Amino acid sequence: MNRSDTSLALTFKDAAILVGVDYRTIKAGVDRGTIPSVQLGSRRMIPRAALLRIFAVEASPR
């Protein structure tokens, strides 16, 4: 199991892979404020639940 399969917060790259878009799409959304992000230490992360809601992706059962 990949750690990003269960993580509550994702890197931009993992978020892009999860919803099937390019990394630049995620970055642009964060820059515009349409995709929420949080600062965790030195990293900016995307909350998994918010990302799935925005892209209308159903979370897979655990």
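The values are calculated or read from the model by the stated rules, or taken from the named source; none is laboratory data. Quick caveat, the model's predicted, so the values are computed rather than measured. Using ideal geometry, Cβ is built from the backbone for each residue, glycine included, and neighbour counts are taken over all protein chains shown. Each accessible area value is taken on the protein alone, full model and side chains, heavy atoms only, with ligands, DNA and RNA left out. Shrake-Rupley method; radii C 1.70, N 1.55, O 1.52, S 1.80 Å.
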* **Residue that is least open to solvent (accessible area, probe 1.4 Å), among those in region 7-59 that are in contact (Cβ under 8 Å) with a residue 40 or more places away in the chain and not in a helix (DSSP H, G or I)** => LEU10
* Structure fact -> When region 36-53 is checked residue by residue, the ones that are of a type in the set (A, V, I, L, M, F, W, C) and out of contact with any helix residue (DSSP H, G or I) (no Cβ under 9 Å at 6 or more places or on another chain) are VAL38, LEU40, ALA49, ALA50
* Could you tell me which residue of region 40-62 is farthest from the chain's Cα centre (by Cα), considering only residues that are modelled with pLDDT of 90 or more and basic (Lys, Arg)? => ARG43
* To do: Those residues that are among the β-branched types (Val, Ile, Thr) and in contact with a Lys or Arg (Cβ under 8 Å, 6 or more places away or on another chain), I need them from region 29-60; list them, please.
  => VAL30, VAL38
